[in-house]
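> To start, I am sharing the structure in question, which I have written as structure tokens.
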Amino acid sequence: MHTVAVLSLKGGVGKTTVALGIASAALRRGTHALVADLDPQGNATTSLDPPYTDATLADVLETPTRVVLERAIAPSVWSDQIDVLVGAEELEQLNEPDADERRLENLSRALDELHQNPLHEEPYELVVLDCPPSLGRLTKSALVAADSAVIVTEPTMYAVAGAQRALEAIERIKQEQNPSLRPLGVLVNKLRVRSYEHQFRVAELRENFGSLVMPTAIPDRLAVQQAQGACSPIHEWHSPGAQEIALTFNMVLAKILRSSRAGRHRVAGDEDAPAEVSENAG
């Protein structure tokens, strides 16, 4: 089971779009996946539209036991291949900036339980953690639990600073709590390839972060909002723009799965044709 955190420390960059796109690519590939919605806004939960649960991720973060997990996880409307660890507004109350180490490890404990004792006959191959745009307990918990992290950014004047802050957060968690964590890359979202400003900002990102900037970017297409509003995977939204975006997410998922390791890092003591970034893209 590979766990990937999708994060940005700046709001409005389309982080949930990326988390859902990865899940959509997993569904198309036949990969059994879980989306954990750590953002108190709950947009991933809304788009995946699971049935009502009498517990949420907020309960799991306080009591990371199998009983609570069973009450907080439900199948998405997309498919029974994609489950949701349901988000809730109450998560905001848990997002303190200085949570102690033990509390930061609760999400990892919960995912370890799912890895060791799957809820279904077919275990999860992939867990996607949709983080809030802040560096409080929720995002830190995701980084403690993750094997890899994807940083989402837009090609704007704030892109370099936001990506740098996210990379520093990843490195800090790696050094202090999760030595297995690694940044998978910086993914540019909402790219308008004919925009000089966007091309300039992508070049600036590459100058600062080199090969960490993914070679594919997500183009700015109306299909993203249309598919999310219809609670549909982007791979099943039939428009040229949607198919262009779907190819990009296939590439991102392939990169995630190539980076997978056998098993999970465990909390100590708790267990015995893509959219290219080029002027010719449409």
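The values are calculated or read from the model by the stated rules, or taken from the named source; none is laboratory data. These numbers were taken from a predicted model, which means no experiment stands behind them. Neighbour counts are summed over all protein chains in view; Cβ atoms, including those assigned to glycine, are modelled from backbone coordinates with ideal geometry. Surface accessibility is based on the protein's heavy atoms, side chains included, excluding ligands, DNA and RNA. Shrake-Rupley method; radii C 1.70, N 1.55, O 1.52, S 1.80 Å.
> When the residues of segment 202-211 are filtered to those that are out of contact with any helix residue (DSSP H, G or I) (no Cβ under 8 Å at 6 or more places or on another chain) and open to solvent by 50 Å² or more (accessible area, probe 1.4 Å), which remaining residue is nearest to Gly185 (Cα to Cα)?
Ser211
> Just to be sure I understand the filter: pairs with C-beta atoms under 9 Å, separated by 6 or more residues or on different chains, first member in segment 189-206 and closer than 17 Å to Glu244 by Cβ, second member in a strand (DSSP E or B) and open to solvent by 50 Å² or more (accessible area, probe 1.4 Å). Which pairs pass?
Hits for this filter: Val193/Glu276.
> Go through segment 16-51 and count every residue that is buried (at least 24 other Cβ atoms within 10 Å of the Cβ) and basic (Lys, Arg).
So the count comes out to 0.
> Hey, can you tell me all the residues within segment 130-144 that are touching a Ser or Thr at 6+ places or on another chain (Cβ under 7 Å) and closer than 10 Å to Leu38 by Cβ?
Asp130, Cys131, Pro132
Rundown of residues vs (1) part of a loop (DSSP other than H, G, I, E, B); (2) surrounded by 15 or more Cβ atoms within 10 Å (Cβ to Cβ); (3) in contact with a Gly (Cβ under 7 Å, 6 or more places away or on another chain), yes/no style:
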residue	(1), (2), (3)
Pro64	yes, yes, no
Val68	no, yes, no
Gly87	yes, yes, yes
Leu91	no, yes, no
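> Output the residues belonging to segment 236-253 that are farther than 17 Å from Gly14 by Cβ and open to solvent by less than 40 Å² (accessible area, probe 1.4 Å).
Correct list: Ser239 only.
> Identify all residues within segment 5-15 that are within 12 Å of the chain's Cα centre (by Cα) and either surrounded by fewer than 24 Cβ atoms within 10 Å (Cβ to Cβ) or not in a helix (DSSP H, G or I) (or both); write none if there are none.
First pass over segment 5-15, keeping only residues within 12 Å of the chain's Cα centre (by Cα): 5-8, 14-15.
Scanning segment 5-15 gives Ala5, Val6, Leu7, Ser8, Gly14.
> Cβ-Cβ distance below 9 Å, separation of 6 or more or different chains: which pairs start in segment 90-109 with a residue that is more than 20 Å from Ala72 (Cβ to Cβ) and end on one that is of a type in the set (Gly, Ala, Ser) and open to solvent by less than 20 Å² (accessible area, probe 1.4 Å)?
The qualifying pairs are Glu96/Gly136; Pro97/Gly136; Asp98/Gly136.
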